[in-house]
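Novice: One structure follows; several queries about it will come next.
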């Protein structure tokens, strides 16, 4: 576990920058986030990791609920060890908010990833510093997104402030897998790892992770982080082989 909440806050700040919402309303230390057309919980939830000075928790909760009601969504909080106040999770539980999507935040040194994966895959990976069409098309087909949803997801990628890199693997003329790396302050965030079901167990995800780590190292990254849900054993196995270990967990609290 991370020793200090400030470490958790740092990683959560990097992750928030890596996947920015379209609408962010700052309210006394909290960030209300909303992104139309994108189902991601992260960009449709409250980031409550700063302590406020002007409003009570009850006053802020009223504002949160009004914010999401206006947009036809349930009120949702992303709760990690940096959440403020420290008993926010208990407060939300008492108000009937339900736990959703428990997730591990894991880290590894870039050098460890490259060492652990150095002999594991020879699959060719193409890297792009702008969004390639086959990256977004693959997400659209695999997630069965509408054209509007795909456009909203692409717009979210275009809002990323730090430097992104998009990885694409082709096999037999078709996209076999993708991944996204986002570099900020010597940290490489790993996102959007996705492999075609027919191409699994052929080293696609390993190759993508290895390639992203190599790119990150070439750009000065020293460490990497990622989020992985606790019900994803295949991803957990891959990341464990690459030297990732869990630093802390977060979950969402959603109004019923």
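Novice: Taking only region 106-163 into account, find how many residues are touching a strand residue (DSSP E or B) at 6+ places or on another chain (Cβ under 8 Å), in a helix (DSSP H, G or I) and farther than 18 Å from residue 189 by Cα.
Specialist: So the answer is 5.
Novice: Let me ask something else about it. Out of all the residues in region 176-192, is one or more over 16 Å from the mean Cα position of the chain (by Cα), crowded, with 19+ Cβ neighbours inside 10 Å, at pLDDT 95 or above and more than 20 Å from residue 243 (Cα to Cα)?
Specialist: yes
Novice: I would also like to ask the following. Given the criteria more than 19 Å from residue 126 (Cα to Cα) and not assigned by TED's automatic domain parsing to the domain that holds residue 113, does residue 237 qualify?
Specialist: No.
Novice: Given the criterion in contact with a strand residue (DSSP E or B) (Cβ under 9 Å, 6 or more places away or on another chain), surrounded by 16 or more Cβ atoms within 10 Å (Cβ to Cβ), part of a loop (DSSP other than H, G, I, E, B) and not assigned by TED's automatic domain parsing to the domain that holds residue 239, identify the matching residue among 84, 78.
Specialist: The unique qualifying residue is 84.
Novice: Residues in region 58-73: is at least one in a helix (DSSP H, G or I), surrounded by fewer than 15 Cβ atoms within 10 Å (Cβ to Cβ) and in contact (Cβ under 8 Å) with a residue 40 or more places away in the chain?
Specialist: yes
The values are calculated or read from the model by the stated rules, or taken from the named source; none is laboratory data. What you see is a predicted model, and the numbers here were worked out from it, not measured in a lab. All Cβ positions, even for glycine, are placed from backbone atoms using ideal geometry, and neighbour counts span all protein chains on display.
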